[in-house]
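The values are calculated or read from the model by the stated rules, or taken from the named source; none is laboratory data. Predicted model only: the values in this text are computed from it and were never measured. All Cβ positions, even for glycine, are placed from backbone atoms using ideal geometry, and neighbour counts span all protein chains on display. Accessible surface is based on the protein model in full, side chains and every heavy atom, while ligands, DNA and RNA are left aside. Shrake-Rupley method; radii C 1.70, N 1.55, O 1.52, S 1.80 Å.
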Amino acid sequence: MSSTSKHSFDSSIRFRLSSKIILLLGGLVTLIVLSVGSWLYQKDKQRVLENLQNQLQLAANTISLSIDGDIYKKLKGKESVGSKEYAEVISVLERFMVNSYLGFERNNIYTFRVIDDTTLQFTAMLEQQYVGNTYAIRDEMRPTLENGQPSYTDIYMDENGTWVSSYAPILDSQNEVVGLVEVDFQNNVYLLSLQQEQREIFMFMVIALLISLVLSLLFARYLSRPITEVSKGALEISKGNFEIEIPVRTSDEIGRLTRAFNYMVQENQEKEYIRNKKKEISAANRKLDELNRSLVEANRLKSE
């Protein structure tokens, strides 16, 4: 007992080769651009940040060394405004601001005094409307407040802009920390250049991604077209069409695959030709045998 089954070929494509190539090359180019851009940005950021920190630290140290700590610790915030002690501290800030070419702004240089473990109070400022207001202690301030060591921040942002700050201690005659000087850079040209560089890196990444997608699409079509032609040719052969011939478009491995396919088709054509000839010869032999038998029978009848 025998059974026959007819197999069907599934010609559907769930995920095209061109799509894979586009995703692969697009992702690779994006990763490269992002990595290189990030490395360049971090390198420039570190260089700019070190330059800013050095300038700010020098300014904060210069101001703090010029303030008499014994006089400063007499200040009590807003109630001290107008006192001779306050005027002396303000004169130090004013003398520093004479150096306007350094690029510091009046409202970004001020001093604090400690209220408790978490809070400072604005003590002396050239822009006096904030004197007496409280300010939460930043982690970067603690080395200065606790150990008397100058310190500075990384680049940070708040609702007022982009900042880099530096701190220096105000010491009294007992070498104890009685206050803190803060000097800020807000939206400095260096900081703005970093922000611009960020935007440029992002735009370059988008442009590179679009270019890579276009090139990937072209390359994918170039690569997948002959493969698609070979697969269609194979389907035609399965239907009994041995007259098909696929044009060879490349001289690489895909071109070799196409040539091999055409060679296979030619071999099948020759084999099919030979099979047909054998069938014709077999049919002719059968007819000849039938004719011979007819002649033998005719001779027998004639003899009788």
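Which residue out of Asn99, Asn54 is polar (S, T, N, Q) and at pLDDT 75 or above? Talk me through it step by step, then tell me what you get.
Details: Asn99 fails: at pLDDT 75 or above.
Every option except Asn54 fails the conditions.
So which residues in region 67-80 are farther than 9 Å from Ala124 by Cβ and of a type in the set (Val, Ile, Thr), if there are any at all?
Just the residues of region 67-80 that are farther than 9 Å from Ala124 by Cβ, to begin with: 68-71, 73-74, 76-79.
Result: Ile71, single match.
Among strands (runs of 3 or more DSSP E) lying entirely in region 106-208, which contain 2 or more residues that are open to solvent by less than 50 Å² (accessible area, probe 1.4 Å)? Show your work before the answer.
Working: elements: 109-114, 119-125, 134-136, 156-158, 161-171, 177-186.
Where strands (runs of 3 or more DSSP E) fall fully within region 106-208 and carry at least 2 residues being open to solvent by less than 50 Å² (accessible area, probe 1.4 Å), they are 109-114, 119-125, 161-171, 177-186.
For region 67-84: of the residues being assigned to a helix (DSSP H, G or I) and either in contact with a His (Cβ under 8 Å, 6 or more places away or on another chain) or open to solvent by 60 Å² or more (accessible area, probe 1.4 Å) (or both), which is nearest to Thr144 (Cα to Cα)? Reasoning before the result, please.
Initially, region 67-84 is screened for residues assigned to a helix (DSSP H, G or I), giving 69-72, 77-80, 84.
Going one step further and asking which of them are either in contact with a His (Cβ under 8 Å, 6 or more places away or on another chain) or open to solvent by 60 Å² or more (accessible area, probe 1.4 Å) (or both), we end up with 78-79, 84.
On the way: Lys78: 23, Glu79: 25, Lys84: 26 Å.
Per the stated criteria, the residue is Lys78.
Going by the conditions given, is Ser11 farther than 30 Å from Phe96 by Cα, modelled with pLDDT of 75 or more, polar (S, T, N, Q) and open to solvent by 40 Å² or more (accessible area, probe 1.4 Å)? Break it down stepwise before answering.
Details: farther than 30 Å from Phe96 by Cα: yes; modelled with pLDDT of 75 or more: no; polar (S, T, N, Q): yes; open to solvent by 40 Å² or more (accessible area, probe 1.4 Å): yes.
Taking the combined requirement at face value, the residue does not satisfy it.
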Pairs with Cβ under 7 Å, 6+ apart, first in region 256-280 and touching a residue at least 12 places away in the same chain (Cβ under 8 Å) and under 20 Å from Glu245 (Cβ atoms), second part of a helix (DSSP H, G or I) and among the small types (Gly, Ala, Ser): Phe261/Gly233
Search result, residues across region 271-284 that are acidic (Asp, Glu) and either surrounded by 11 or more Cβ atoms within 10 Å (Cβ to Cβ) or outside any helix (DSSP H, G or I) (or both): Glu272
Test: Glu243 is modelled with pLDDT under 75 and not β-branched (Val, Ile, Thr): yes
